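**Q** Sharing a structure below in structure tokens format, with a few things to ask.
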Amino acid sequence: MSEQDRQRIDSIGLSRISHHGDLCCREARRFVLRRFERWVDTGSRLAAIPLLVSWGPTRWPVSWCRLAEPDKWVGDCGVHADLAGELLTLAGVPYARGRAAIKPPAYAVPHWRSTWSASDANDVWIGDDVVHHEVLRIGERWWDPTEARWFAGPGAHVLAGCVAAVRVEGADWQLSEAD
Amino acid sequence: MVGLDYSAASSALHTSILDDVVLLPGWDEIHPGTWMEQVADLIADPNTFLIPTLDLEVRVLAEFFGVHERVLAPNKRVLDTVAKPPVTVADALGLPLPEFSTDTDWGAAERFIRHSPYGAWAKGQHYEAFRVRSVEEALAAGRFIKREWGGDWHLEAHVPGQECGIAFVARNGALLDAVLMTKVILTPEGKTWSGEVAELPDVLWEKLRHYAADVGWNGGGEIEMIRTWDGDLKLMEVNPRFPAWIHGASTCGANLPAALLAEQVRPERRRLTSGFTRVVEEIAVSPVLGISSYPWGPSDGINPATKHPSGMRTLGRRELLSEPTAVHGPASAIPSNRTHPQPSESTESLTGYETLLDTPSESWATPSRQILVTLLDERVAELRAQLDGLPHTVLAHSIKTCPHPELLSRAAGLGLVAEAITLDELDVAITHGFDPGCAILNGPAKWWPSRSSVRCGAFFADSVEELAQLVRSLDAGFRLTADIVGIRVAAPGVASRFGLSFERSADLAETAALLTELRVRLGARWGIHFHQAESVLGPDRWRHEATSALGFADPLADRLGDPPAVVDFGGGWHVDDLSVLRSSLDRVLATGGDCLRTRQLEIVLEPGKLLTQSAAAVVTRVLLAKGHGIGREVIVDAALGDIPEARYRAHPVAQFIHGEWRPVSRGAGRILGRSCMESDILAEELDVSSLAEGDFLAFGMCGAYDLSMSYPFGRGLAAEALA
């Protein structure tokens, strides 16, 4: 991962679904989280996130009441990661938010740029070689909230590409051997 | 390298990498003595080894050859340790097994499935497993397994998680190599299509090494596991041969078959490729073996080639194998960390109904019902004891479940309130002594048939449209007196036509507005109602769904300005689950909405058949006995119309013999109803060998829907004519 990529990714704030502090978001948050209650265990609930919230362009900031509004939910990895955090908190499972630098297949990047551009969403997460992706650290393992899978850390492959580096929020980057 | 199989349809025999092929007849044609001679000839050369890869073939080899230095497969003693469920291996590897039950009669299977929130599997001792969600499915799967494969079967709880497995190889007890494979892509049959391959963790390697040494494992093996989301491993099965994906491990750098032949120990510093995937490759068939066209089935044209062309199923049925001699351990295994133990009562011990039955006489008209009021008294007392310490609890009697006049009067006398689903039911309840001011109205047609005025204690609307309709009815002059205006909330994980399901704030706002208007107009408080059959969901899922559904009490309370005055738990509870009812309520009240934790909250419980199912029996007489021995059947003068629930659950049966009623023990016979319906089967798997014409029988546990849903089929008159 280049120094330029690292700076670009570090400049991206951690995604948080915001709360208006009023009935609108209080109820909306309950509606959103209730959708996951049909699954009994925490693993199934986390696995349901990308099924219920399709991965796609998201214009931040996102509030609970805005998220709950449409029939078809769409969210980027930041929405997925924050929802996963909410569900883990409800289940009493300790976790930490984190981020990964992923080297995607070269032909994927222009598609993502076009899609994000068409939606007028911020595409700072998309670099030429490395893209930013929000993940979680749960125990000794890394969880990808968008692909709903555990991964081993730097050097592992997820469907979006090879994990070049990963870090817990506020901690140092762990680089893959290749980097 | 010589390929050996039992059908020319086995694809791998056609591959050009084989130096030679041995094609034996299918297992349905094999003569065991001749097979032994042929196999002995094949491995007569000291440099020739046989590596069997079919589960049952391994067992037959162990049975016929015992320990043979050139048969690289586990011996009988090893095989006894891996019989399903593999308790011995689980202990040796320190891996827990899923919950299981080898007791597979109707009652045990029903109880096991009800207590398995993720469903269950019916698994054969030798082969085959079917996912089952009901006792009917489980028993059908068990019958199929026994018929097709031979041997026993058991039930195992489904464990959600990621399938993974260990392929390993040992020679005369010395562990040579092992790898851990996690499935990545599965075929629709659950077979591995691609997988991640990694070295076995040191702890597991050491345990496996000790186990292999203890039992003297020889040959390849596979340990199938589930990794739960928490990362824990559970042991599913142990197979006494290499897995089908073994070449995948070879491509990753761990060639276990080669290690077996060369007695080669795992290299010190090996770097495995991270995984493998499969491709489909079409190859020309061997000109020697050729290929034959589809076989024709008896009636429906082409019968596709079966999953087991070698006839391995037949092998299981040919009784060439002796039963495993290893101790299986307990008939069931429940993890020690389970928070809610399964109730231990059996249906029979719970009721003891036969001791309360009258002595029959020749003058009795059968079939007839005997009402066992004492059992209703006992159940109500037991339930009240369970609820001891909970403030403000009310028990309700479900009229639709048990509308018998004697039991209605008794329930009213015991201080229960009536739960009615129509105004006709409410009228009947009042006639039998229930206080209308305490009665609860539920269901989608609670205001039917139309009345100009209704008085009840509480009603729980089933939809927002019903609330709006009620407002319109009040506008039109309908006079309603009720202390509680309530709603029924939908369970998120249950496909149901009932209850309010809030999807957005607008739904909540509309509901709150209508509840507010009705409260003002009726001068009532508000309540919330959860209603799902625990007897169907089982206690684990019931708790989960109730907790989740009642979570909407909080936002409603926010909008209405005060907490609910009443929470009403409805839905029939299974008669066996009384012992977990209190803990279930406690859990839901502790983890449901915050507003449910007020001292003033009144808790209404409508447990339906839990109270009344034991309170009636159907007495019948044998009209005719057919056949002999274990296949004997008797026809009785009762029919499915008298015991309609007989199709869905097993009823205990007692016989009047030697001047007393005694339970009929388990067996292989059936009790058939008097009607001409094929489905008129009242009981199965009972010992009816001693029953004769004129004998009196009594079916217990007929006090709930067997009472309310009975019908007069085969009596020569329609229901309304009889009425």
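The values are calculated or read from the model by the stated rules, or taken from the named source; none is laboratory data. Keep in mind it's a predicted model, so treat the numbers as computed, not measured. Glycine also receives a Cβ, built like all others from the backbone with ideal geometry; neighbour counts cover every protein chain displayed. The accessibility values were calculated without ligands, DNA or RNA, using every heavy atom of the protein model including side chains. Shrake-Rupley method; radii C 1.70, N 1.55, O 1.52, S 1.80 Å.
**Q** Using the crude model of +1 on Lys and Arg Cβ and -1 on Asp and Glu Cβ, and no other charge, please compute the dipole size for the protein assembly as shown relative to its Cα centre, in debye to 20. Mind showing how you got there, number by number?
**A** Working: 86 positive and 119 negative charges, 279 e Å.
Dipole magnitude for the protein assembly as shown comes out near 1340 debye.
**Q** Relative to the first principal axis of the alpha-carbon coordinates of chain A, what is the inclination of helix A:23-34, with its axis defined by its Cα atoms, in degrees from 0 to 90 and to the nearest 10?
**A** 70
**Q** On to the next question. Ordering B:R451, B:R114 by accessible area with a probe of 1.4 Å, largest first, what comes out?
**A** B:R451, B:R114
**Q** Helix B:202-215 versus the longest principal axis of chain B: what is the Cα-based angle in degrees, 0 to 90, to the nearest 10?
**A** Long axis of B:202-215 versus the principal axis of chain B: about 70 degrees.
**Q** Among B:P367, B:S679, B:A468, which residue has its Cα furthest toward the positive end of the charge dipole of the protein assembly as shown, with +1 on Lys/Arg Cβ and -1 on Asp/Glu Cβ?
**A** B:A468
**Q** In a solvent-free Debye calculation with one equal scatterer on each Cα, what is log10 I(q)/I(0) for chain B at q = 0.07, 0.09, 0.11 Å⁻¹, listed in the order of the q values?
**A** -0.66, -0.95, -1.16
**Q** Could you derive backbone 3J(HN,Hα) for segment B:592-603 from the dihedral phi with the Karplus parameters 6.51, -1.76 and 1.60 (θ = phi - 60°), listing whole Hz in sequence and x where the residue is Gly or Pro?
**A** With coefficients 6.51, -1.76 and 1.60, one gets x, x, 4, 6, 7, 9, 10, 5, 7, 5, 8, 10 Hz.
**Q** Please give the solvent-accessible surface of B:D594 in Å², to the nearest 10, using a probe radius of 1.4 Å with every protein chain present.
**A** That residue has around 100 Å² of solvent-accessible surface.
**Q** Just flag the GluC sites (Glu not before Pro) in segment B:650-717 sitting in loop per DSSP whose Cβ has no more than 11 other Cβ atoms within 10 Å.
**A** B:E678, B:E693
**Q** Something else now. Could you calculate the FRET efficiency of B:R647 with B:T187 from 1/(1 + (r/R0)^6), where r is the beta carbon distance between them and R0 is 30 Å, rounded to 0.05?
**A** FRET efficiency, B:R647 to B:T187: 0.25.
**Q** With every protein chain left in place and a probe of 1.4 Å, what is the accessible surface of B:M36, to the nearest 10 Å²?
**A** Result for B:M36: roughly 60 Å² accessible.
**Q** I've got another one for you. Loop-only trypsin sites (Lys or Arg not before Pro) in segment B:158-234, please: DSSP not H, G, I, E or B, and at most 16 other Cβ atoms within 10 Å. Show your work: numbers first, answer last.
**A** Details: sites: B:R171, B:K183, B:K191, B:K207, B:R209, B:R227, B:K234; in loops: B:K191.
Loop-located and lightly packed - B:K191.
**Q** Taking all pairs of different Cα atoms in the protein assembly as shown, averaging 1/r and flipping that mean, what Kirkwood radius in angstroms comes out?
**A** 32.1
**Q** Report, in degrees rounded to the nearest 10, the 0 to 90 angle that the Cα long axis of helix B:581-591 makes with the longest principal axis of chain B.
**A** Around 90 degrees separate the two axes.
**Q** Students often check this: by mean Cβ neighbours within 10 Å, which of B:394-402, B:44-52 ranks highest, and how do the rest follow?
**A** Values: B:394-402: 23.4, B:44-52: 13.0.
Order by mean packing, descending: B:394-402, B:44-52.
**Q** Another question about this same structure. When ligands, DNA and RNA are left out and all protein chains stay put, how many square angstrom of accessible area per residue does chain B have with a 1.4 Å probe?
**A** 44
**Q** List the accessible area buried at the contact between B and A, summed over both sides and calculated with a 1.4 Å probe, in Å² to the nearest 100. Walk me through the numbers on the way to the answer.
**A** On the way: alone 32780 and 9520 Å², together 40240 Å².
The summed interface area works out to 2100 Å².
**Q** Could you report the accessible area of A:R8 in Å², rounded to 10, computed with a 1.4 Å probe on the protein chains as they sit in the structure?
**A** A:R8 has an accessible surface of roughly 50 Å² with all protein chains in place.
**Q** Could you rank A:K72, A:K103 by how accessible they are, 1.4 Å probe, largest area first? Mind showing how you got there, number by number?
**A** Numbers: A:K72 135, A:K103 80 Å².
From most exposed to least exposed: A:K72, A:K103.
**Q** Report the label-to-label distance for A:D129 and A:R149 in nanometres (one decimal), using points 7 Å from each Cα along the Cα→Cβ vector.
**A** 2.4
**Q** Another question about this same structure. How long are the three semi-axes of the equivalent ellipsoid for segment A:3-175, computed from the Cα gyration tensor as the root of 5 times each eigenvalue, in whole Å, largest first?
**A** 25, 19, 14
**Q** Turning to a different aspect of this structure: Using θ = phi - 60° and the Karplus form 6.51 cos²θ - 1.76 cosθ + 1.60, what ³J(HN,Hα) does each residue of segment B:78-87 get, whole Hz, x for Gly and Pro?
**A** 5, 4, 4, 7, 9, 4, 7, x, x, 4
**Q** Under the rule of at least 5 residues apart or a separate chain, name every residue whose amide H is placed under 5 Å from the amide H of B:L640.
**A** Result for B:L640 returns B:R674, B:S675.
**Q** Can I ask one more? From the protein chains alone at 1.4 Å, what is the descending order of accessible area for B:T88, B:T431, largest first? Let's see the in-between values first.
**A** On the way: B:T88 55, B:T431 110 Å².
Of B:T88, B:T431, the descending order of accessible area is B:T431, B:T88.
**Q** Can you pick out the pairs among B:K123/B:K609; B:K76/B:K191; B:K76/B:K183; B:K183/B:K234; B:K207/B:K234 whose Cα atoms lie more than 24 Å from each other? Walk me through the intermediate numbers first.
**A** Values: B:K123/B:K609 32 Å; B:K76/B:K191 27 Å; B:K76/B:K183 30 Å; B:K183/B:K234 15 Å; B:K207/B:K234 15 Å.
Listed pairs above 24 Å: B:K123/B:K609; B:K76/B:K191; B:K76/B:K183.
**Q** Still on this model: Between segment B:626-647 and segment B:393-413, how many Å separate their Cα centres?
**A** Between the Cα centres of segment B:626-647 and segment B:393-413 lies a distance of 30 Å.
**Q** Run through the DSSP bridge list for the protein assembly as shown and note the antiparallel percent, rounded to the nearest 5.
**A** That works out to approximately 70 percent antiparallel.
**Q** Relative to the Cα centre, what is the charge dipole magnitude of segment A:3-175, using +1 at the beta carbon of each Lys and Arg, -1 at the beta carbon of each Asp and Glu, and rounding to the nearest 20 debye?
**A** In debye, rounded to 20, segment A:3-175 gives about 400.
**Q** What accessible area per residue, rounded to a whole number of Å², is obtained for segment A:3-175 using a probe radius of 1.4 Å?
**A** Working: 8040 Å² over 173 residues.
Using a 1.4 Å probe on heavy atoms only, each residue of segment A:3-175 averages 46 Å².
**Q** Of all the accessible heavy-atom surface of segment B:62-154, with the other protein chains kept in place and a 1.4 Å probe, what percent is carbon and sulfur?
**A** 51
**Q** Now a separate question. Can you compute 3J(HN,Hα) from phi for each residue in segment B:253-261, using the Karplus curve 6.51 cos²θ - 1.76 cosθ + 1.60 with θ = phi - 60°, rounded to whole Hz and x for Gly and Pro?
**A** Values, residue by residue: x, 10, 8, 6, x, 5, 4, 5, 5 Hz.
**Q** Report, as an integer, the average count of C-beta atoms from other chains found within 10 Å of each Cβ along B:496-506.
**A** Values: counts 0, 0, 0, 0, 0, 1, 4, 5, 7, 11, 1.
If you average over the peptide's residues, the count of other-chain Cβ atoms is 3.
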